[in-house]
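The values are calculated or read from the model by the stated rules, or taken from the named source; none is laboratory data. Predicted, not measured: the structure shown is a model, and the values here were computed from it. Positions of Cβ are backbone-derived with ideal geometry, glycine not excepted, and every protein chain shown enters the neighbour counts. Each accessible area value is taken on the protein alone, full model and side chains, heavy atoms only, with ligands, DNA and RNA left out. Shrake-Rupley method; radii C 1.70, N 1.55, O 1.52, S 1.80 Å.
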Amino acid sequence: MGFVKELRWRGMLHDIMPGTEELLNKGSVSGYIGFDPTADSLGVGNLVQMMTLLHFQRAGHKPFALIGGATGMVGDPSGKSQERNLLDEKTLNHNLSCQRKQLEKFLDFNCGNASAEIVNNFDWFRDFSFLDFIRDIGKHISVNYMLAKDSVKSRLENGMSFTEFSYQLVQGYDFYYLWKNKGLQLQMGGSDQWGNIVTGTELIRRKDGGEAFALTTPLIKKSDGTKFGKSEGGNVWLDPKKTSPYQFYQFWLNSSDEDVKKYIRIFTILSQPEVEALEAEHLLAPHNRLLQKTLARDITIRVHSEADYNAALEASELLFGKGTTEGLKNLSEDTLLAVFDGVPQFDINRTELETGINVIDLLADKTKVFPSKGEARKMLQGGGVFINKGKIENVELAIGVSDLLNNRYILAQKGKKNYFLIKAV
């Protein structure tokens, strides 16, 4: 199956310039997508473009990821209502190195002629003076042409800086430079980038009489109208320090049935027959959430690792009473806190744990898991009290530092669903 056909069945094709599919069907093509370097991590909102490059490479083409070291200093107005913050070179270089590591999980950088490459437009803009730019590039694109772009029209009413206005020329030159120096014939991106991308094809035509092509993917929207890529805690990042693998896994697992039908196509490399078979099986028992589980597993392993996926799965089961004491002990502190985010927390003096505290005193005196010792004793004797997922049956049991998870926490459970986190300070 050709690259464009692949995008079509996956619902990943929005606009395509005439002649693009014919070009791609003739043989290997070099193409690129630009990435915003204003954060030290890519987010799930970038995954559509990362998957586009992945499919591009799988179809036998050569993918380039352009990290906008220069354009990150300018700011892209497309699809935004405000001007972007400008970054210094040191911050940008840090962000570039972090994003590269994430891109390497999607693209093969050592597979012969189709090996992926990462380029930074700061490399060719660094020594390009303003006067040289407006003389050699600016004269080829008219102001009328630039004003006709939707990304410009939408901002003119409230004011637009020259910096923003010139952005499409800068991005257009990226395409020209890569076409001229590296033989790239195709630029891809989100549908909000269409105007900037075709400016590049126009510059190539007007300046050198060359031919270049473009295609875009649709912007992903959730069925409930909320923005894709956001959770209650804000952006969902690919960096495990910003969004834990458990939270990342949960983001996909919590997809609605309507959304997951799109996501399973866009964010996995499962074939069309595989996806359709999964959908048919999902319809027979939607409550088992087969599509969500398949999607969450696939993308969590790709972005993080199989070990991270297994830990996220173990962590998820803890909330539904299926987890084990051993599994709980294996959780990292970040994952533990993410799983039990929002449960009541109590602090206890660590020195008291060093000599041991009676379990009833701990739960009803040192903390307020139970309102009274009598109630704690009664529920414990009835088998309804758990410490670190282990049922407590001995009312004389002493809890000590050896019971601490990550050398800091104790998880108390009252009944099946009431959790409490006790922190040694």
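Against the conditions (1) at pLDDT below 95; (2) assigned to a helix (DSSP H, G or I); (3) open to solvent by 20 Å² or more (accessible area, probe 1.4 Å); (4) not charged (D, E, K, R), Tyr246 satisfies every one except (3).
Evaluate the range 348-369: report whether one residue or more is touching an Asp or Glu at 6+ places or on another chain (Cβ under 7 Å) and assigned to a loop (DSSP other than H, G, I, E, B). There is no residue in the range 348-369 that is touching an Asp or Glu at 6+ places or on another chain (Cβ under 7 Å) and assigned to a loop (DSSP other than H, G, I, E, B). Scan (1) under 26 Å from Ser97 (Cα atoms); (2) free of Cβ contacts under 8 Å to residues at least 12 places away in the same chain for the single condition Lys26 breaks and write down its number. Failed condition: (1).
For residues that are assigned to a loop (DSSP other than H, G, I, E, B) and within 13 Å of the chain's Cα centre (by Cα), scanning just the range 19-48, find the one that is nearest to His61 (Cα to Cα). Spell out the reasoning first.
So in the range 19-48, the residues assigned to a loop (DSSP other than H, G, I, E, B) come out as 19, 27-29, 36-42.
Among the residues that remain, those that are also within 13 Å of the chain's Cα centre (by Cα) are: 39-42.
On the way: Ala39: 28, Asp40: 28, Ser41: 26, Leu42: 23 Å.
The extreme case among them is Leu42.
Please work out if Asn288 is open to solvent by 60 Å² or more (accessible area, probe 1.4 Å) and touching a strand residue (DSSP E or B) at 6+ places or on another chain (Cβ under 8 Å). No: the conditions fail for Asn288.
With respect to the conditions (1) among the β-branched types (Val, Ile, Thr); (2) surrounded by fewer than 20 Cβ atoms within 10 Å (Cβ to Cβ); (3) part of a helix (DSSP H, G or I), Val343 lacks only one, and its number is (3).
Restricting to the range 209-236, name every residue that is at pLDDT 90 or above and open to solvent by 60 Å² or more (accessible area, probe 1.4 Å). Before you say what the answer is, go through the steps one by one.
Narrowing the range 209-236 to residues at pLDDT 90 or above: 209-220, 236.
Hits for the range 209-236 are Gly209, Glu211, Leu219.
Is it the case that some residue within the range 170-178 is open to solvent by 40 Å² or more (accessible area, probe 1.4 Å), modelled with pLDDT of 90 or more and touching a Ser or Thr at 6+ places or on another chain (Cβ under 6 Å)? Checking the range 170-178: not a single residue is open to solvent by 40 Å² or more (accessible area, probe 1.4 Å), modelled with pLDDT of 90 or more and touching a Ser or Thr at 6+ places or on another chain (Cβ under 6 Å). For the range 164-199, the set of residues classified as of a type in the set (Lys, Arg) and touching a helix residue (DSSP H, G or I) at 6+ places or on another chain (Cβ under 9 Å) consists of Lys180 only.
All conditions but one from (1) open to solvent by less than 20 Å² (accessible area, probe 1.4 Å); (2) closer than 22 Å to Thr324 by Cα; (3) at pLDDT below 90 apply to Asn394; the one that does not is (1). Give the residue, chosen from Ile118, Ile134, that is surrounded by fewer than 16 Cβ atoms within 10 Å (Cβ to Cβ) and aliphatic (A, V, I, L, M). From the options Ile118, Ile134, the qualifying one is Ile134. Return yes or no: is Glu258 open to solvent by 30 Å² or more (accessible area, probe 1.4 Å) and closer than 20 Å to Glu6 by Cβ? Criteria not met by Glu258. The number of residues in the range 370-391 being part of a strand (DSSP E or B) and either in contact (Cβ under 8 Å) with a residue 24 or more places away in the chain or open to solvent by less than 70 Å² (accessible area, probe 1.4 Å) (or both) comes to 4.
Only one of the numbered conditions (1) farther than 22 Å from Leu336 by Cα; (2) surrounded by fewer than 13 Cβ atoms within 10 Å (Cβ to Cβ) is violated by Ile357, and that is (2).
Only one of the numbered conditions (1) modelled with pLDDT under 95; (2) surrounded by 13 or more Cβ atoms within 10 Å (Cβ to Cβ); (3) assigned to a loop (DSSP other than H, G, I, E, B) is not met by Lys322, and that is (2).
On the stretch given as the range 35-58, residues that are within 19 Å of Lys105 (Cβ to Cβ) and open to solvent by 30 Å² or more (accessible area, probe 1.4 Å) total 5. Of the numbered criteria (1) under 25 Å from Ile299 (Cα atoms); (2) open to solvent by 60 Å² or more (accessible area, probe 1.4 Å), the one Asn349 fails is (1). Only residues that are surrounded by fewer than 22 Cβ atoms within 10 Å (Cβ to Cβ), in a helix (DSSP H, G or I) and not charged (D, E, K, R) were counted across the range 180-197, and they come to 4. Hey, does the range 401-414 have a residue that's more than 22 Å from Ser332 (Cα to Cα), in contact with a helix residue (DSSP H, G or I) (Cβ under 9 Å, 6 or more places away or on another chain) and open to solvent by 20 Å² or more (accessible area, probe 1.4 Å)? Yes, the range 401-414 contains a residue that is more than 22 Å from Ser332 (Cα to Cα), in contact with a helix residue (DSSP H, G or I) (Cβ under 9 Å, 6 or more places away or on another chain) and open to solvent by 20 Å² or more (accessible area, probe 1.4 Å).
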